[in-house]
């Protein structure tokens, strides 16, 4: 008689064990996929699924303990098999979502985060990253400064010599920005011929970075054999420190933009700093 119930018990415990493994996989994958989703509702749904999978795992552990203490029937084994199929299906769906995120969605997101022409951060990516950094700086009281620059007379040059020549200017400026900025600075193309940097540190350090960029652009963006550039390029820059007056990213950039236009109005090819006034 004992042999009659031995096989169902082994099957029940085996299916319970596989369900535990599948449930743990669902927990791990659901949390991983949740972190990849952009919409908070989707992320929350994945966390709920992970919590449900934890409950399933606990239930299966209890089921194994009960099977070890008493006899099992084929019906019990069939029920555990059905649970295994259900949790395995959830695991398969999450595995598929993770693969789609890795192979299809992530490359698209990365391409949206990078400006195609200059290979700097796109405006949308810069604003997301810089917004978080501004909030952290305000909370922690750490110094931060914004540098906004614009290529002087770019529209006239672009109209006279074509978009190809204009693109060469933008790529040249972008390269200098990458080389001049420090490792922990955020650099992005803000739009058209405008570029933006968020510099960690005091305003004096940001001014040094800005002057280094200005000098390098004037020195290096010059005509070369076969190069579309026909004259040296200059930039006007505005520098503003983070403070109670500029405690949001929008305000910080707006004031840096005003300083940059002050540079243009006072002769171009120069750096204007808010504290200078």
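The values are calculated or read from the model by the stated rules, or taken from the named source; none is laboratory data. Please read all numbers here as calculations on a predicted model, not as lab measurements. Don't worry about glycine lacking a Cβ; one is built from the backbone with ideal geometry, like all the others, and counts go over all protein chains shown.
Structure notes:
- Candidates 150, 113, 139 - the one that is touching a strand residue (DSSP E or B) at 6+ places or on another chain (Cβ under 6 Å) and either surrounded by fewer than 16 Cβ atoms within 10 Å (Cβ to Cβ) or modelled with pLDDT of 80 or more (or both): 150
- Residue match in the stretch 161-172 (condition: at pLDDT 90 or above, surrounded by fewer than 19 Cβ atoms within 10 Å (Cβ to Cβ), in contact with a helix residue (DSSP H, G or I) (Cβ under 6 Å, 6 or more places away or on another chain) and over 23 Å from residue 136 (Cα atoms)): no
- Selection within the stretch 173-203 - touching a helix residue (DSSP H, G or I) at 6+ places or on another chain (Cβ under 9 Å), surrounded by fewer than 20 Cβ atoms within 10 Å (Cβ to Cβ) and in a helix (DSSP H, G or I): 175, 179
- The residues of the stretch 204-213 that are more than 16 Å from residue 257 (Cα to Cα) and surrounded by fewer than 22 Cβ atoms within 10 Å (Cβ to Cβ), listed by number, are 204, 205, 208, 211, 212.
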